[in-house]
Amino acid sequence: MHYSVFSIISQAFKGQKDWKPVWRYPDPKAEYEILIIGGGGHGLSTAYYLAKNHGYTNIAVIEKNYLGSGSVGRNTTIVRSNYQEPGNIPFYEHSLKLWEGLEQDFNYNAMMSQRGVLNLYHSDSQRDDYARRGNAMMMHGVRADLLNREQVRDVVPFLDFDNARFPIHGGLMQWRGGTARHDAVAWGFARGADSRGVDILQNTEAKQIRVENGKVTGVETSRGFIKAKKVGIVAAGNTTRIAETAGLRLPIESYVLQAFVSEAIKPLIPCVVTFGAGHFYISQSDKGGLVFGASLDYYTSYAARGNLPGVEDTIEEAMAIMPSISRVKLLRHWGGIMDMSMDGSPIIDKTGIDGLYINCGWCYGGFKATPASGYCFAHLLATGESHPVATALKLNRFETGYVIDEAGTGAQPNLH
Amino acid sequence: MRIPCPFCGPRDSQEFSFLGQAGLKRPDPNAPDAQMQFHDYVHIRDNKAGVTQELWLHANGCRSWIVVTRNTLTHEITGSEFASPQVKEAAQ
Ligand SMILES: Cc1cc2nc3c(=O)[nH]c(=O)nc-3n(C[C@H](O)[C@H](O)[C@H](O)COP(=O)(O)OP(=O)(O)OC[C@H]3O[C@@H](n4cnc5c(N)ncnc54)[C@H](O)[C@@H]3O)c2cc1C
Ligand SMILES: [Zn+2]
């Protein structure tokens, strides 16, 4: 069913009775051309683009839980392409361009809102650093605006500009950045894939990847063995657990990141604002809740729930730029598991095993990558070649030394 | 989370900083496959779901490096000891 203003109006006259379920609940077939492990944003977008761009229909996505139960439904929904490393900028810009046409493309309202992403700077040296980042973006044709203090004040007058420790001197603005409705992104890709014949198998856990003579033959799952010519691991925080069943060891550690949402208040924050003297980001959802987060909890974890020091740190950073929200009540907070890579950048590549592919290492920033990640991974699975914007995201960069370390912190994943 | 420091006793986790997997051995730089061994040493970790042994520094305390036994699925901590064999011996 095509969604449009006409379908809404006509359903209104039919008592909303003709809406169809958005995807099927098929039983697994014995064999697929390609099997995707992980039904998060990236797994679903991979399936969508495999079907749409490359004509694959005999493929499946297996998800151990329900769709959107992972980080795709837990993130703070920030979408941007303000990176500075040459290996990253073209990829994230490709993603932002896909976001700009995504809702028309998959005919689903993902509530993409290009409200702007503003990174605040608090010192002269940080201004220079942000100017450099803005220049790096512009060299790749991505617009960036370096705002001075008064220009920042025009956009977000309620910040604590004269904070004694972290005065606000200005900010780097990417007006095309913004937020999107995270669950709707997963649902839109799922619907688009399902309607093209992709089987989405929920409550189906990958237990063991079967490899014979250096070649993948399929996956043992909680619903039996499924044969496949090619297998793609897209399991975010659980990547290494699945990869090790095929004997692969990866440059990845899993950590928990927390996120927070407050009670709804009247419209206050017009864009995404990030604090430059720490690591804090905040925006306001269309329902009015303030959505925010900070750094991860600094030790490895698969618990999908965080600890109190992380909460305290986040709230302290909020108070350092926005004391005006100190009386706003917190509604919920939660955690998600993230695949932190050793240089803070993702991996989309083949492995040493024939037919086995990986898409992982998304760290804090995989939501914005959802469309391009699937787009490029589908390209790799279908053609065997890296997509031109993803050629730097190779697994062997840790051997060759061509790491993509945006933060410059070295092989310490909890610092990226 | 409270971490039992063998010197200071149970202390708030905020006093500690986390390094990662314990027991990694620095490879011999003269080994014929030293380059690959160093790649693994710097970049490859077990990333275990379950009980792990990991290095923590009691940075805002006695400043000892300690090996903590912790479950990454539950955050439960079941033991800790000094990382350095000399310190371990001296403490006995
Ligand atoms: C709190 C938080 C805030 C974030 N904020 C942002 C942000 O503002 N902007 C941004 O760009 N990014 C953000 N991220 C990062 C982003 O959410 C992730 O990088 C991205 O969602 C990961 O890709 P995914 O959607 O495919 O992951 P997931 O949704 O986690 O998908 C992986 C799926 O694999 C499944 N799976 C795991 N093991 C198996 C198995 N054995 N068999 C079958 N299925 C399995 C899981 O159940 C899961 O559904 C944030 C993350 C968190 C946790
Ligand atoms: Zn101590």
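Things worth noting here:
- Convex hull volume of the protein assembly as shown per residue (C-alpha atoms, cubic angstrom): 174
- Protein accessible surface hidden between B and A, which excludes ligands and nucleic acids, total in Å², probe 1.4 Å: 2200
- Dipole size of the stretch A:215-304 about its Cα centre, with +1 on Lys/Arg Cβ and -1 on Asp/Glu Cβ: approximately 580 debye, rounded to the nearest 20.
- What the Cα atoms of the stretch A:318-388 give is an Rg and a Dmax of 18.3, 56 Å.
- GNM flexibility winner over chain A from A:ASN203, A:ASN75, A:ASN238 (Cα, springs under 10 Å): A:ASN203
- Estimated from helices alone, the mean residue ellipticity of chain A at 222 nm is -8500 deg cm²/dmol (sum of -39500 (n - 2.57) over DSSP H runs with n ≥ 4, per residue).
- Nearby lysines by direct alpha-carbon distance to A:LYS52 (threshold 19 angstrom, same-chain neighbours under 8 apart not counted): A:LYS97, A:LYS230
- Loop-located trypsin sites (Lys or Arg not before Pro) in the stretch A:247-327 (DSSP state not H, G, I, E or B) with no more than 13 neighbouring Cβ atoms inside 10 Å: A:LYS287, A:ARG327.
- Environment charge of B:GLY50, counting only residues whose C-beta is closer than 15 Å and scoring Lys/Arg +1, Asp/Glu -1: -1
- Chain B - Cys residues lacking any other Cys C-beta under 4.7 Å: B:CYS62
- For the residues A:VAL185, A:VAL155, A:VAL256, a GNM of chain A with alpha-carbon springs under 10 Å puts the largest fluctuation on A:VAL155.
- Evaluated with a Cβ-only charge set (Lys, Arg +1; Asp, Glu -1), the stretch B:41-92 carries a dipole of roughly 100 debye about its Cα centre, given to the nearest 20.
- Kyte-Doolittle mean at least -0.5 and Cα axial length at least 27 Å: DSSP H helices in chain A: none
- For the peptides A:138-146, B:11-19, the ranking by mean Cβ contacts within 10 Å, running from highest to lowest, is B:11-19, A:138-146.
- Dipole magnitude of the stretch A:137-196 about its Cα centre (Cβ charges: Lys, Arg +1; Asp, Glu -1), debye to nearest 20: 260
- Between the residues A:MET342, A:ILE358, A:LEU331, the greatest Cα displacement towards the positive end of the dipole of the stretch A:261-416, with unit charges on the Cβ of Lys, Arg, Asp and Glu, is found for A:LEU331.
- Given A:LYS266/A:LYS329; A:LYS17/A:LYS287; A:LYS64/A:LYS207; A:LYS350/B:LYS25, the pairs whose alpha carbons are separated by over 19 Å: A:LYS17/A:LYS287; A:LYS350/B:LYS25
- The Cα atoms of chain B cover 45, 33, 21 Å along the three principal axes, with the biggest extent listed first.
- For the stretch A:173-249, the alpha-carbon radius of gyration amounts to 1.43 times the rule-of-thumb value 2.2 N^0.38 Å expected for a compact globular protein.
- The ratio of the alpha-carbon radius of gyration of the stretch A:136-275 to the globular-protein estimate 2.2 N^0.38 Å is 1.61.
- Here the Gaussian network model covers chain A, with springs between Cα atoms less than 10 Å apart; of A:ALA372, A:ALA246, A:ALA110, A:ALA246 fluctuates the most.
- Note on the protein assembly as shown: dipole from Cβ charges, positive end direction compared against A:GLY401, A:VAL219, B:GLN86; the farthest Cα belongs to A:VAL219.
- Using the 1.4 Å probe convention, the accessible area of the protein assembly as shown works out to 44 Å² per residue with neighbouring protein chains retained.
- Delta accessible area of at least 20 Å² on complex formation, residues of the stretch B:19-68, 1.4 Å probe, chain isolated as reference: B:LEU19, B:MET36, B:HIS39, B:VAL42, B:HIS43, B:ILE44, B:ARG45, B:ASP46, B:ASN47, B:ALA49
- Cα centroid separation, the stretch A:164-180 to the stretch A:294-318: 22 Å.
- Accessible-area composition of the stretch A:128-205, carbon plus sulfur, in percent [1.4 Å probe]: 47
The values are calculated or read from the model by the stated rules, or taken from the named source; none is laboratory data. The structure displayed is predicted, hence computed values, not measured ones. No Cβ is skipped: glycine too gets one built from the backbone with ideal geometry, and neighbour counts run over all protein chains shown. Ligands, DNA and RNA are excluded from the accessible area calculation, which covers all protein heavy atoms including side chains. Shrake-Rupley method; radii C 1.70, N 1.55, O 1.52, S 1.80 Å.
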